[in-house]
Structure formats: C-alpha cells, structure tokens
C-alpha cells in the first residue's frame with residue numbers, strides 16, 4: 001500500500017492545492033484533498049517522478065493541511 005496524490009495541470013489558489021512548475025516547465029498542482037491509499041498491485045508503470053526537494057515541500061504542505 002502507498003499514498004497517492006492526484007495531479008492536475010490546472011492551478012488554483014486553495015489551501016489544498018500545492019501549485020508548482022515541474023522540471024519540464026509545465027504548471028502542475030498536487031491536489032492534497034484527493035490523497036488516496038492505493039494497493040501496489042494497481043501500480044503498473046511510473047506515471048510521474050517528483051524531485052526530492054519538491055517532494056519535501058509537498059509533505060510539509062500536507063502536514064499543515066492535516
């Protein structure tokens with residue numbers, strides 16, 4: 001099992017959206033309110049890779065959200 005957070009290319013100014021620009025300069029949002037517990041068996045391929053520094057920022061935002 002692992003926690004998954006939905007991503008969107010639409011950025012909004014809400015507390016539960018973490019807006020950022022990914023390494024390919026595309027504007028992306030992590031929607032913290034849509035966090036889900038997912039079985040590893042459902043994971044077929046890597047969909048997106050978040051840099052470690054950005055991952056730490058998302059975790060901090062999520063902690064403040066919860």
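Could you say whether any residue in the stretch 40-51 is within 12 Å of the chain's Cα centre (by Cα) and surrounded by 12 or more Cβ atoms within 10 Å (Cβ to Cβ)? Spell out how you get there, then give the answer.
So in the stretch 40-51, the residues within 12 Å of the chain's Cα centre (by Cα) come out as 47-51.
Filter once more, so that each one left must be surrounded by 12 or more Cβ atoms within 10 Å (Cβ to Cβ): 50.
Within the stretch 40-51, one or more residues are within 12 Å of the chain's Cα centre (by Cα) and surrounded by 12 or more Cβ atoms within 10 Å (Cβ to Cβ).
All but one of (1) assigned to a strand (DSSP E or B); (2) at pLDDT 90 or above; (3) out of contact with any helix residue (DSSP H, G or I) (no Cβ under 8 Å at 6 or more places or on another chain) hold for residue 3; state the number of the condition that does not hold.
Status for residue 3: all satisfied but (2).
Please go through the stretch 16-36 and pick out each residue that is within 16 Å of residue 57 (Cα to Cα) and modelled with pLDDT under 90.
Answer for the stretch 16-36, where residues must be within 16 Å of residue 57 (Cα to Cα) and modelled with pLDDT under 90: 22, 23.
Under 7 Å by Cβ, and 6 or more places apart or on different chains, what pairs join a residue from the stretch 1-18 that is touching a residue at least 40 places away in the same chain (Cβ under 8 Å) with one that is surrounded by fewer than 10 Cβ atoms within 10 Å (Cβ to Cβ) and assigned to a loop (DSSP other than H, G, I, E, B)?
7/48
The values are calculated or read from the model by the stated rules, or taken from the named source; none is laboratory data. Given the structure is predicted, the values throughout are model-derived calculations rather than measurements. FYI the Cβ positions are ideal-geometry reconstructions off the backbone, even for glycines, and counts take in every protein chain you see.
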